[in-house]
Amino acid sequence: MPADEPVPTRPSLRERRRAAATQEILDAAELQLAEDGPAALSLRGVARSLGMTVQALYHYFPSRDSLVTSLVAKAYDDLADAVQTAVDTADRGTSAGEKALPRLVVATEGYRRWAIAHPEHFQLLYGTPLRYYAAPVDGPTTRAVRRMGAVFEREMFGGYTARQLAAAEMPALSTGLRTYLESLPPGGLGTLPAPATALFLSAWGQMHGLVVLEVFGHTAYLGDHQAEIFRVTMRNMTADIDRRILHT
């Protein structure tokens, strides 16, 4: 190791114990979330399940909001991991003459599978807002959302140039909306031209709306065909995005 390169320091015993205790509390909170849903989440219940006092738990999470923030950020990260894994492990081959799924469709299906497998966590993210909870401005939850959005942005627009995105075929945006979209800070949707941002939000709403309807039981009438309907819709959506960007 070069002399001028800093030597990595191992966390102290106290830091390791604190990290382990924090993770144990998060695990207990996730278990309570899975069993009782977001609305029932309480510091007292989590502390009781671990044989701790609420006062002891406050040393790690000073409020319910701080615990909820950690749970929300972790759920978004887990969801982003699921989407990324779906894209990374997708079968790119074909069978029986069937065309391989577009990467964006694969990403949306990863999103759907995670939501169905973790309905309580999905409800924490997108269900009825927890009373009195407010996520910290530009905090860990915001960063986690941006990470997940970046995965979809890459799969949706990764093969296109900035010039093509700026010329995407979209209904005319109002002056106010275009100005707002162009003023978004870099690091998120602010990296896209206004027409592409509007297209991204429209596609996201279509995909997310279908998942919400399924997770909350509003498309149960489709029976075992929900996955197929979702795939067909996502294929059509992807084709529409390509058409709007390529003008074909």
Considering residues of region 85-100 that are out of contact with any helix residue (DSSP H, G or I) (no Cβ under 6 Å at 6 or more places or on another chain) and modelled with pLDDT of 90 or more only, the residue surrounded by the most Cβ atoms within 10 Å (Cβ to Cβ): T85
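So is A40 closer than 28 Å to R146 by Cα and modelled with pLDDT under 90 or not?
On the way: closer than 28 Å to R146 by Cα: yes; modelled with pLDDT under 90: yes.
In short, yes.
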Enumeration of residues in region 206-248 that are open to solvent by 80 Å² or more (accessible area, probe 1.4 Å), outside any helix (DSSP H, G or I) and among the polar types (S, T, N, Q): T248
Expected single match for open to solvent by less than 50 Å² (accessible area, probe 1.4 Å), among the aliphatic types (A, V, I, L, M) and without any contact (Cβ under 8 Å) to a residue 40 or more places away in the chain among A115, A82 is A82
Here are some residues: P186, P171, P129. Which one is assigned to a loop (DSSP other than H, G, I, E, B), more than 29 Å from D78 (Cβ to Cβ) and open to solvent by 80 Å² or more (accessible area, probe 1.4 Å)? P171
Scanning region 132-168 for residues that are open to solvent by 50 Å² or more (accessible area, probe 1.4 Å), assigned to a helix (DSSP H, G or I) and not aliphatic (A, V, I, L, M), which turns out farthest from A86 (Cα to Cα)? R163
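Residue by residue, here is whether (1) of a type in the set (S, T, N, Q); (2) modelled with pLDDT of 90 or more; (3) touching a Lys or Arg at 6+ places or on another chain (Cβ under 6 Å) holds:
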| residue | (1), (2), (3) |
| --- | --- |
| R147 | no, no, no |
| T191 | yes, no, no |
| G205 | no, yes, no |
| R235 | no, yes, no |
| R243 | no, yes, no |
Restricting the search to region 189-205, which residues are open to solvent by less than 20 Å² (accessible area, probe 1.4 Å), more than 20 Å from the chain's Cα centre (by Cα) and not small (G, A, S)? P195
Taking R178 as meeting all but one of (1) open to solvent by 40 Å² or more (accessible area, probe 1.4 Å); (2) assigned to a loop (DSSP other than H, G, I, E, B), write down the number of the exception. (2)
Given the conditions (1) outside any helix (DSSP H, G or I); (2) modelled with pLDDT of 90 or more, every one holds for R10 apart from (2)
If you scan region 108-134, which residues turn out to be closer than 22 Å to V211 by Cβ and over 15 Å from the mean Cα position of the chain (by Cα)? T128, P129, L130
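The values are calculated or read from the model by the stated rules, or taken from the named source; none is laboratory data. These numbers come from a predicted model, not from an experiment. So basically every Cβ, Gly included, is an ideal-geometry build from the backbone, and we count neighbours across all protein chains shown. For the accessible areas, the whole protein counts, side chains as well, though only heavy atoms, and no ligand, DNA or RNA atoms are used. Shrake-Rupley method; radii C 1.70, N 1.55, O 1.52, S 1.80 Å.
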